[in-house]
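Structure first, then comments.
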Amino acid sequence: MTGPKKNELSIQEVEKVAKLARLKLNEDEITLYAGQLSSILEHIMELEKLDVEGVEPMAHPIPLNNRLDEDIPAEAMPVEALLGNAPEVVEPFISVPKVLGGES
């Protein structure tokens with residue numbers, strides 16, 4: 001049996017990451033994630049090889065500005081239709097269970 005490849009995570013490393021992330025993994029998942037995480041790390045190592053000298057950092061690849069639509073009031077739903085869809089009504093309100101303390 002051969003050991004892990006140079007850039008491949010060991011089972012112990014995956015178990016450590018799982019413990020830090022508070023994940024309970026079985027043996028099959030550990031083996032699966034070892035391969036997947038190793039693949040991700042290989043991609044990161046490829047990115048580290050890129051020359052980014054002079055490339056300005058960015059938060060988003062496309063420059064975005066807030067786009068605000070005009071605030072145009074729309075026709076409201078009739079109160080009767082709204083109350084008709086509610087499971088319980090105490091006129092003229094929708095009745096819901098209390099969230100904080102006591103009974104409704």
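Only the coordinates and a few stated rules stand behind these numbers; no lab work does. Treat the numbers as computed from the prediction; the structure is a model and nothing was measured. We place every Cβ from the backbone using ideal geometry, glycine too, and count neighbours over all the protein chains shown.
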> Taking amide H positions as placed 1.01 Å from N in the peptide plane, with prolines and chain starts having none, which residues 5 or more places from L9, or on another chain, fall under 5 Å of its amide H?
Replying inline: S38
> How many Lys pairs in the chain lie less than 27 angstrom apart by Cα atoms, where the lysines are 8 or more positions apart or on different chains?
Replying inline: 9
>> For V89, what residues show an amide H to amide H distance below 5 Å, using hydrogens built from the backbone and excluding near sequence neighbours?
In response: S95
> Taking Cα atoms, how many degrees apart are the long axis of helix 27-48 and the longest axis of the chain, rounded to 10 and kept between 0 and 90?
Replying inline: 80 degrees
> For the chain, what is the mean residue ellipticity at 222 nm derived from helices alone (per DSSP H run of n ≥ 4: -39500 (n - 2.57); sum divided by total residues; nearest 500 deg cm²/dmol)?
Replying inline: -11500 deg cm²/dmol
> What ranking do 56-62, 33-39 get when scored by the average of other Cβ atoms within 10 Å per residue, highest first?
Replying inline: 33-39, 56-62
> Put +1 on the Cβ of each Lys and Arg and -1 on the Cβ of each Asp and Glu in the chain; which of S10, L83, Y33 then has its Cα farthest toward the positive end of the dipole?
Replying inline: S10
